[in-house]
Amino acid sequence: MTLHISEVHLRAIEAHAESHYPEEGAGLILGDEADERREAREILPLPNRREAGERGHRYEIDPLETLAAEDQADALGLKIIGVFHSHPDHPAAPSQTDLHFAVPWYSYLITSVRSGRAHESRVWRLDVSESGMQEEELEVRSGSERLSGDSESPVASGGNSAQQEGP
C-alpha cells in the first residue's frame, strides 16, 4: 500500500506536530483508496484528549470527533483512511502501544519531532497477522500536483477518542 499526500498536507501535519511539542499532536487523514493506493485529500488536526501528564508520550482522539469526522468525510465523498500523530524526541516508528491500538483499515503517519522541529514522517499499517506494523510507502506530491477532489485548504475544519500511546 502507498499513501499519497500533498506536500501542503504533509507540512500542515508537521506544523501541527511542532505546535504541540513537547506533547504528541494527532489527527485524522481523510481520502479515498483504490487497489494499493491511498490518496490523502484532507487532514483534520484534532486536540490530544489525554490527561496533561500523559500527552508527552500518548494521544487520544475523542470518539465523538471521530464520528464527526466520518460524517464530514461522507459529505465530501471521502472516508477516514488514516491517523497521524507525533513522537516527541522519538523515532517515527510505531511504539508497542501504537501496535496495540492499531486497526488494519487505517494507515498511521508518524512524525518524529526533535527539539520542537519535525524531523521525519513515515507511514505504517498493521500487518495481516496483527502482530506487528509494516511500513508503507509514502509518496509526497508537490504543490503543483493537485488532484481532482483535493480541497483548496490544506486543513479540514473540526476538532473530538481513538486512544494511542507513543514511545
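Some observations on this one:
- Taken over region 34-55, the residue count meeting the criterion of being part of a loop (DSSP other than H, G, I, E, B) and under 13 Å from the mean Cα position of the chain (by Cα) is 2.
- Test: GLU136 is in contact with a Phe, Trp or Tyr (Cβ under 7 Å, 6 or more places away or on another chain), more than 17 Å from HIS57 (Cβ to Cβ) and not basic (Lys, Arg): yes
- Consider region 18-33 and keep the residues that are under 10 Å from the mean Cα position of the chain (by Cα) and either among the β-branched types (Val, Ile, Thr) or not in a strand (DSSP E or B) (or both). The one that is nearest to ARG55 (Cα to Cα) is GLY25.
- So HIS4, is it touching a Pro at 6+ places or on another chain (Cβ under 7 Å) and of a type outside the set (D, E, K, R): no
- Residue match in region 70-82 (condition: touching a Leu at 6+ places or on another chain (Cβ under 9 Å) and of a type in the set (S, T, N, Q)): yes
- Which numbered condition GLU136 fails, given (1) more than 14 Å from the chain's Cα centre (by Cα); (2) at pLDDT 95 or above: (1)
Quick grid of which residues meet (1) touching a Leu at 6+ places or on another chain (Cβ under 7 Å); (2) among the hydroxyl-bearing types (Ser, Thr, Tyr); (3) surrounded by fewer than 22 Cβ atoms within 10 Å (Cβ to Cβ):
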| position | (1), (2), (3) |
| --- | --- |
| SER6 | no, yes, no |
| ALA12 | no, no, yes |
| SER19 | no, yes, yes |
| PRO22 | no, no, yes |
| ARG41 | yes, no, no |
| LEU44 | yes, no, no |
| ALA52 | no, no, yes |
| TYR59 | no, yes, no |
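- Qualifying positions in region 102-125 - outside any strand (DSSP E or B) and within 23 Å of LEU78 (Cα to Cα): ALA102, VAL103, PRO104, TRP105, TYR106
The values are calculated or read from the model by the stated rules, or taken from the named source; none is laboratory data. Here the structure is a predicted model, which is why all the values come from computation and not from measurement. For neighbour counting, all protein chains shown are included, and Cβ atoms are generated from backbone atoms with ideal geometry for every residue, glycine included.
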